[in-house]
Amino acid sequence: MLDNSYLEINKEIKLGLMKNKPIVALESTLISHGLPYPENINVAKLSIDAVRKNGSIPATIAIIKGKIKIGLDDKEINILGQNNNVHKVSRHNLSIAISNKHHGATTVASSIYIASQLGIKFFATGGIGGVHLGSEKTFDVSADLSELSRTKMFVVCSGAKSILDLDKTYEKLETLGISRIGFKTNYMPGFWYYQTDKKVDFNFTKINNLVNFLKIHESLNQHSSVLLFNPIPKNKAIEKKNIDKWINDSIKKAKNNSIEGKELTPFLIKEINSLSKNKTLKANMELIINNALLAGKLAKNYNSN
Ligand code: PSU
Ligand code: MN
């Protein structure tokens with residue numbers, strides 16, 4: 001269990017956990033390192049509203065002055081959105097952030113680790129991390145994947161981020177025992193674009209059937225998370241061929257500037273937002289909020305079934 005002395009859970013969530021209310025955890029790296037200011041603050045608040053709108057309790061996770069916070073107030077969201085000293089915190093540097101009393105934005109990996117320790121079942125993000133292009137040389141594979149295989153969460157996302165090697169990411173998910181479930185899609189989504197050519201393990205078209213499946217996964221006591229793919233709405237999606245060009249150009253720039261490790265994902269996203277004249281930024285915002293909505297709905301249904 002997590003040591004209480006490093007943990008601050010807000011009242012509503014604490015009560016919700018005690019009374020077994022539906023709760024959806026949200027991450028904070030997308031606030032501090034995935035989206036620019038002030039869009040990041042808007043998305044953080046709109047995702048919270050989206051979870052609430054569908055009858056669940058939102059639980060955004062972050063580290064503020066070395067404390068793990070579950071449920072953030074406006075002041076804390078502002079710190080994450082505006083302060084330049086917010087570290088990107090995954091599993092490998094979680095304890096470091098706490099011992100140095102840093103501000104930290106938690107990635108999918110560290111957020112689901114913390115959420116699952118607390119008994120929260122549902123989580124929403126935009127796109128998960130995965131296997132990077134050129135990983136055969138760099139070995140750069142997001143800790144999101146290994147963490148998904150160690151936790152038991154239901155994770156709503158629009159696939160893995162388009163900048164990644166999505167074919168390899170898809171295979172790696174299977175290797176790690178992580179179910180790739182579509183909600184109203186036969187193919188794994190491509191984050192900013194509607195779909196890849198990778199088939200989902202199953203496509204559920206009805207919330208009730210999906211919730212029944214999640215209950216079965218839970219009762220089999222499989223110690224791995226389920227990925228629930230919710231594609232970006234078709235009319236908001238960007239064409240893959242446009243995205244591919246922006247990705248190639250931004251990867252070249254990253255190489256020329258020796259950007260690697262945890263800086264790589266935020267750098268590429270920022271570059272592509274600028275190359276696309278913020279079309280990707282708009283798409284990113286849409287899909288994050290759309291995923292929070294679905295997670296809120298699923299958590300609520302899961303609890304009342
Ligand atoms: N989803 C988004 N934008 C983001 C991220 C997800 O729409 O910025 C973040 C998540 O926090 C994810 C992280 O865990 O990017 C992956 O980073 P890396 O590739 O360094 O593991
Ligand atoms: Mn990485």
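The values are calculated or read from the model by the stated rules, or taken from the named source; none is laboratory data. Model, not experiment: these values are computed from the prediction. Don't worry about glycine lacking a Cβ; one is built from the backbone with ideal geometry, like all the others, and counts go over all protein chains shown. SASA here: full protein model, heavy atoms, side chains in, ligands and nucleic acids out. Shrake-Rupley method; radii C 1.70, N 1.55, O 1.52, S 1.80 Å.
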Inset, instruction - Give me the pairs, please: first residue somewhere in the range 95-106 and free of Cβ contacts under 8 Å to residues at least 40 places away in the same chain, second residue anywhere and open to solvent by less than 90 Å² (accessible area, probe 1.4 Å) and part of a strand (DSSP E or B), beta-carbon distance under 6 Å, and either six or more positions apart or on two chains. - result: Ala97/Ile63; Ala97/His87; Ala97/Val89; Ala97/Gly104; His102/His87
Inset, instruction - Identify all residues within the range 11-31 that are away from ligand 2 (no atom under 16 Å from the Cβ) and either modelled with pLDDT under 95 or within 14 Å of Ile77 (Cα to Cα) (or both); write none if there are none. - result: Leu26, Ser28, Ile31
Legend entry - Qualifying positions in the range 265-296 - open to solvent by 30 Å² or more (accessible area, probe 1.4 Å) and in a helix (DSSP H, G or I): Phe267, Lys270, Glu271, Ser274, Leu275, Lys279, Lys282, Met285, Glu286, Ile289, Asn290, Leu293
Inset, instruction - Filter the range 218-265 down to the residues that are away from ligand 2 (no atom under 16 Å from the Cβ) and of a type in the set (Gly, Ala, Ser), then identify the one that is nearest to Leu164 (Cα to Cα). - result: Ala237
Inset, instruction - For the range 74-94, enumerate the residues that are in contact (Cβ under 8 Å) with a residue 40 or more places away in the chain, part of a loop (DSSP other than H, G, I, E, B) and open to solvent by 70 Å² or more (accessible area, probe 1.4 Å). - result: Arg91, His92
Inset, instruction - Mind listing whichever residues of the range 124-157 are near ligand 1 (Cβ under 8 Å from one of its atoms) and either without any contact (Cβ under 8 Å) to a residue 12 or more places away in the chain or over 16 Å from Asp244 (Cα atoms) (or both)? - result: Thr125, Gly126, Gly127, Ile128, Gly129, Gly130, Asp140, Ser142, Ala143, Asp144, Cys157
Legend entry - Inter-residue pairs, beta-carbon under 8 Å, first without any contact (Cβ under 8 Å) to a residue 24 or more places away in the chain and in the range 197-208, second among the basic types (Lys, Arg) and in a loop (DSSP other than H, G, I, E, B), 6+ apart: Asn203/Lys184; Phe204/Lys184; Thr205/Lys184
Legend entry - Complete set of residues in the range 201-230 that are open to solvent by less than 20 Å² (accessible area, probe 1.4 Å), of a type outside the set (Phe, Trp, Tyr) and not in a helix (DSSP H, G or I): Ser224, Ser225, Val226, Leu227, Leu228, Asn230
Inset, instruction - Taking only the range 33-47 into account, find how many residues are open to solvent by 30 Å² or more (accessible area, probe 1.4 Å) and either under 13 Å from Asn284 (Cβ atoms) or touching a residue at least 60 places away in the same chain (Cβ under 8 Å) (or both). - result: 5
